[in-house]
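Structure first, commentary second.
Quick note: the coordinates plus some simple rules give every number you see, no bench work behind them. Bear in mind the structure is a predicted one, so any value in this text is a computation, not a measurement. Using ideal geometry, Cβ is built from the backbone for each residue, glycine included, and neighbour counts are taken over all protein chains shown.
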Amino acid sequence: MKLILELFLTFSKIGLFTFGGGYAMLSLIERICVTRKEWITHDEMMRITVIAESTPGPIAINCATYIGYKKKGLPGALAATFGVVLPSFLIILLISFFLDRFLEIKWVASAFRGIKIAVGILIVGAAVRMIRKMKKEPLTIVILSIAASAMMAINIFALRVSTIALMAAAAVAGLIAYLIRCRKGKEEPK
């Protein structure tokens, strides 16, 4: 029961102090769950991130659910998931009562602009840490370069690209890379 409460409180803290959604939370989840509490390894965090990105739902909630499940089964998954969702839900509920008047306050509007910049920095920080720790193989470097270039082009030129199409293209590229490795004898088909 103590661990379930700890999962709830830990993910509540992550949910309360992280603005900007799931990607901004990844950095804090990694720092707390991998480095401080050692609930998962860095490799598990990388795998969770990839799986959580490709499954339905917000990435931070998927990560919390996995970590909670790994530590304490279904009760742990529910505690971690509820913990990460509850603070945001309560804050949005409170703001919704005063939204019109809230956004008219000059310092609140300025604060949100600052938070937007901080969120971007958190996301870049999480990406840099993951890139530093990934295996530096030619294929992964090529895929990373193509993905980063595509992301920059989409943002700079304000292109409307379906995220489903991007995920399907990434899945096809990963499958092709896997089949090539199997053919060269580096991996056994599973």
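Listed by number, the DSSP H helices of the chain that run 20 Å or longer by alpha-carbon position along their axis and have mean Kyte hydropathy of at least -1.0 are 2-17, 59-104, 106-133, 138-156, 163-184.
Label-to-label distance, residue 134 versus residue 179, with points set 7 angstrom from Cα along the beta-carbon direction: 2.2 nm. Remark: relative contact order (the stretch 7-79) = 26 percent; criterion is Cα-Cα distance under 8 angstrom and separation of 6 or more residues. The charge dipole of the chain, taken about its Cα centre with unit charges on the Cβ atoms of Lys, Arg (+1), Asp and Glu (-1) only, comes to about 440 debye. Counting neighbouring Cβ atoms within 10 Å and putting the fewest first, the residues 6, 53 line up as 53, 6. Mind running the shape call on the chain? Use the C-alpha gyration tensor, a ≥ b ≥ c as the square roots of the eigenvalues: rounded below 1.5 for a/c, prolate if a/b tops b/c, oblate otherwise. Oblate, since a/c reaches 1.5 and b/c is not below a/b. Cβ crowding within 10 Å, taken as a proxy for footprinting-reagent exposure, orders 25, 130 from fewest neighbours to most as 130, 25.
Quickly rank 131-138, 61-68, 118-125 as a protection proxy: mean count of other C-beta atoms within 10 Å, highest first.
61-68, 118-125, 131-138
Compute the Cα gyration tensor for the stretch 135-190, then decide on rounded, prolate or oblate, letting a ≥ b ≥ c be the square roots of its eigenvalues: rounded whenever a/c is under 1.5, prolate when a/b is larger than b/c in the other cases, and oblate in all that remain.
Oblate shape, in that a/c is at least 1.5 and b/c is the bigger or equal ratio.
What order, most packed first, do the peptides 149-155, 31-37, 104-110 have when packing is the mean number of other Cβ atoms within 10 Å of each residue?
The densest-packed peptide leads the list: 31-37, 149-155, 104-110.
Seen through its C-alpha gyration tensor, with square-root eigenvalues sorted a ≥ b ≥ c, the stretch 46-136 comes out oblate because a/c lies at 1.5 or above while a/b is not bigger than b/c. Candidate cross-link partners of residue 106 among the lysines, defined by an alpha-carbon separation under 17 Å and a same-chain spacing of 8 or more, comprise 116. Estimated from helical segments only, the mean residue ellipticity of the chain at 222 nm is -28000 deg cm²/dmol, where each DSSP H run of four or more residues counts as -39500 (n - 2.57).
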